[in-house]
Amino acid sequence: MAEQSQLPKFTSHNHDTKNSEIDKPIAPYDYLQQYLDRQLQIRGTTRKNLRVLDVGCGRGDTVAWLCEQGWDAYGVDIVEDYLERGRRYLHQTGWDPERLMLVNPDLSYPIADEHFDIVISDQTFEHVADLGATAAEIARVSSPRATGLHIYPAKWRPVETHLFTPLAHWLPKGPLRRAAIATCLRLRLAAPYFEQHVISDRVEIFTQFSHEETFYRPLAETTAVLEACGMKCDTRRGSIDLMALRLPRLPQPTRPMLGWLYRHFFSVVIHTVKQ
């Protein structure tokens, strides 16, 4: 078994697009695109007149894609290497690289108060240790009545979306979760990453990520934190809309129940409005 300090970080695996240069920006989810277009209709304005912030933007795919579609988009992230890849792409394509900003050491954003009309995040909240600090910053940089859309994996999703391990993330962090991850790896019920390493090293790599970089919370806890920072939350509309988008022939009466299952056992979609 290698020393822990010598092992690669889980996020360094070569299946993660954030570790490579941008050739063509990956478009955001169709639902997020529809959400933004709906905001245009509601506000009766144009794309260039709405400032959009992507929290946890990674290498900036969504920011670059939105800029190319005419939006005034920006992003923040905590990983400088990811941001640099995005900045290189923006520079090469004629956009300001400084649209991608590094979060400050105190977790604040290098952004003026009430600067953004829309704040989005995609697969970010499950990686945030201090959700209160993040929620406070989102509220601070949002203009009055600014809207938001936040999408992330549900706490009770059966298969963890990064490790691909079934049920292990349901367990408390510590020896029990480590044992569950080890069992999944031995049974090949996990992501096929770092297979050049011995099983004990893979257990350490996967467990360290699970313990230190994932934070699955009950939905009610997340909304309580956001609302404490002055944001009204709607957790029902997004999941019901997604049911209609994915399954357009689904009978209307079944959508609320399937939406409940979706947001508790698959993916959370939170609509916010700054009060």
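The values are calculated or read from the model by the stated rules, or taken from the named source; none is laboratory data. Nothing here was measured: the structure is a model prediction, and the numbers come from that model. Positions of Cβ are backbone-derived with ideal geometry, glycine not excepted, and every protein chain shown enters the neighbour counts.
Pairs are defined by a Cβ separation below 6 Å, a sequence spacing of at least 6 or placement on different chains, a first member in segment 250-275 that is touching a residue at least 24 places away in the same chain (Cβ under 8 Å), and a second member that is surrounded by fewer than 15 Cβ atoms within 10 Å (Cβ to Cβ) and of a type in the set (Asp, Glu); the pairs so defined are His271/Asp234.
The single residue among Glu213, Glu204 that is of a type outside the set (A, V, I, L, M) and closer than 19 Å to Thr124 by Cβ turns out to be Glu213. Within segment 128-153, work out how many residues are surrounded by 16 or more Cβ atoms within 10 Å (Cβ to Cβ) and within 16 Å of Ser210 (Cβ to Cβ). Matching residues across segment 128-153 total 3.
Which of (1) in contact (Cβ under 8 Å) with a residue 12 or more places away in the chain; (2) within 22 Å of Tyr89 (Cβ to Cβ); (3) assigned by TED's automatic domain parsing to the domain that holds Leu83 does Thr11 not meet, given it meets every other one? Thr11 satisfies all of (1) in contact (Cβ under 8 Å) with a residue 12 or more places away in the chain; (2) within 22 Å of Tyr89 (Cβ to Cβ); (3) assigned by TED's automatic domain parsing to the domain that holds Leu83 except (3).
Among the residues of segment 216-232, those that are surrounded by 17 or more Cβ atoms within 10 Å (Cβ to Cβ) and either closer than 25 Å to His162 by Cβ or outside the structural domain of Ser142 (by TED's automatic domain parsing) (or both) comprise Tyr216, Arg217, Thr222, Thr223, Val225, Leu226.
Does Arg202 satisfy the criteria of being part of a helix (DSSP H, G or I), touching a residue at least 12 places away in the same chain (Cβ under 8 Å) and out of contact with any Pro (no Cβ under 7 Å at 6 or more places or on another chain)? Here the answer is yes, as Arg202 does meet what is asked.
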